[in-house]
1. Grab region 2-63 and count how many Lys pairs have their alpha-carbon atoms under 28 Å apart, sequence gap of 8 or more, or different chains.
2. So what is log10(I(q)/I(0)) for region 2-63 at q = 0.14, 0.18, 0.21, 0.30 1/Å, when the Debye sum runs over its Cα atoms only?
Amino acid sequence: MNWLIKILFLLIAIMLLSVVLLFSLLGLVLGLLRWLITGKKPQMAVIFSSYRQWKKQAAQHMRGRRSDEDIIEAEVREVPTTRLEDKR
């Protein structure tokens with residue numbers, strides 16, 4: 001009796017997995033057909049391409065910031081206290 005329940009759960013899990021895979025495949029096919037008919041890329045493709053572009057720009061920006069042009073020389077000196085009067 002115990003092995004019967006295990007087989008039943010296994011069959012239910014296989015059917016559920018098959019249904020999920022079938023719907024995923026159907027969504028992929030419909031998205032590709034829509035892409036071919038309308039010429040518009042699927043939304044996920046647009047999101048992933050913009051993310052890749054953002055990552056590339058961020059990497060270039062970080063590489064560009066390490067140049068010597070960003071270093072500023074400064075001289076530190078003490079400000080006299082007589083000039084800091086309240087003139088309100």
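Throughout, read-outs are computed from the coordinates displayed, never taken from laboratory work. From a predicted model like this one, the values you see are computed outputs, not experimental measurements.
1. Details: Lys40/Lys55; Lys40/Lys56; Lys41/Lys55; Lys41/Lys56.
Number of lysine pairs found: 4.
2. These q points yield log10 I(q)/I(0) values of -0.66, -0.77, -0.86, -1.09.
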